[in-house]
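Written out below as structure tokens is the structure these notes cover.
What follows draws every value from the coordinates through simple rules; no lab data is involved. Predicted model, so just to flag it, every value in this text is computed and none were measured. Quick reminder, even Gly has a Cβ in these numbers, built from the backbone with ideal geometry, and neighbours come from all protein chains shown.
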Amino acid sequence: MKARLRLPPWKSLRKPRADAARDMKDVTMKNILKNFAAFGIAPLVALGLSMGGALAAEGANPAEPDHFPIHHPKQESWSFAGPFGTYDKGQLQRGLKVYKEVCSACHSMNLVAFRTLEGLGYSPEQVKALAAEYEVEDGPNADGEMFTRAALPTDHFPAPYPNANAAAAANNGAAPPDLSLIAKARSVERGFPQFIFDIFTQYAEGGPDYIHSLLTGFDEQPPAGMQIAEGTHYNPYFISAKALAMAKPLSDEQVTYEDGTPETVDQYARDVSAFLMWAAEPHLEDRKKTGFRVIVFLVLFAGLVYIAKRSIWSDVKH
């Protein structure tokens, strides 16, 4: 039986802690150098691209905008603003008139039915007469052919073009958007700290503010040196570019108002913006009334719960 060789304690095979730490440090440094060799080119490329972008920005035209819209939409005063706001029926009827005589030549409202115009204060007979002013395609008939007829209250506003391609071809390559939900689909972020205050003021009129500013912003002239593409029209309130294909649609005394309201571009833009807000949210008044009732109920319910808690636990010694 062989004797097992025992080393003295000072001859242990285990390396001292200092040597182990040194070896670990060497391994770590090797890994770092190896990773840098493999991926270190990426930071250099990113640095080069950023420097190139900075140099390009220095040589760019200073008159060209770097954000859109160039000007933030003006905040207007609306009757339907705030937690207790309501629609002005007279304003909505004027806005419908502006849409019919101006906007409907290019823009559709496919999601709005004629019957909903009773919400503007019209009687069923008036709505039927308004619908009859339009013609819609129907069919097929007994012979299998499509035909046109006078619109009924159950029909929706007909589109001015048969399809999007035809609309784009007639408008410099840009199809006019449908206006059914435009007041909800188009708005500009207000940023910090405005969006915090909006929670308490219940600001939700970004869409009408944007539409009004856009319709009244065509008279502003572009800064010297700014390049505007041919066939487009400068508007600093446009949400996605410095110019758009739509020309200035409104002018003073273009639409006749029977109620004596001023016939100005600002008033036309204000009225049609309110009408488009109604088209996008016809039940706004009901929603606000329901919300107020819910808040009142929750406050009363919380009070009852507190009173019940005090009554139930009043005899319990703490």
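Taking Cβ atoms as reference points and 15 Å as the exclusive limit, the residues near residue 208 contribute a net charge of -2, counting Lys and Arg as +1 and Asp and Glu as -1. For residue 196, the shell of other residues with beta-carbons less than 15 Å away shows a net charge of -1, using +1 for Lys and Arg and -1 for Asp and Glu. The residues neighbouring residue 255, those whose beta-carbon lies less than 11 Å from its own, together hold a net charge of -3 under the Lys/Arg +1, Asp/Glu -1 convention.
Counting other Cβ atoms within 10 Å as a rough exposure proxy, the listed residues 107, 67 run 67, 107 from fewest neighbours to most. Is the shape of the stretch 228-281 best called rounded, prolate or oblate, per the rule: a/c under 1.5 gives rounded, else a/b larger than b/c gives prolate, else oblate, with a ≥ b ≥ c the square roots of the Cα gyration tensor eigenvalues? Cα axes put the stretch 228-281 in the oblate bin. The loop-placed trypsin sites (Lys or Arg not before Pro) in the stretch 215-318, going by DSSP, that have at most 12 neighbouring Cβ atoms within 10 Å of their Cβ come out as 317.
Separation of the alpha carbons by more than 23 angstrom is noted, of 89/184; 97/289; 97/128; 100/242; 89/128; 100/288, for 97/289; 100/242; 100/288.
For the stretch 113-155, the average shadow cast by the Cα convex hull is 2.9 nm², which is a quarter of the hull's surface. Taking the fewest neighbouring Cβ atoms within 10 Å as the starting point, the ordered list for 146, 277 is 146, 277. Going by neighbour counts of Cβ atoms within 10 Å, the residues 239, 199, 295 line up, fewest first, as 199, 295, 239. Of the residues 136, 117, 147, the one whose Cα sits farthest toward the positive end of the charge dipole of the stretch 113-155, with +1 on the Cβ of Lys and Arg and -1 on the Cβ of Asp and Glu, is 117. Debye-formula intensities of the stretch 107-213, expressed as log10 I(q)/I(0) at q = 0.10, 0.13, 0.15 Å⁻¹, are -0.47, -0.71, -0.86 (one equal scatterer per alpha-carbon, no solvent).
Relative contact order for the stretch 113-155: 43 percent, from Cα pairs under 8 Å spaced at least 6 residues apart, divided by residue count.
Pairs of C-alpha atoms in the stretch 161-204 farther apart than 16 Å represent 58 percent of all such pairs.
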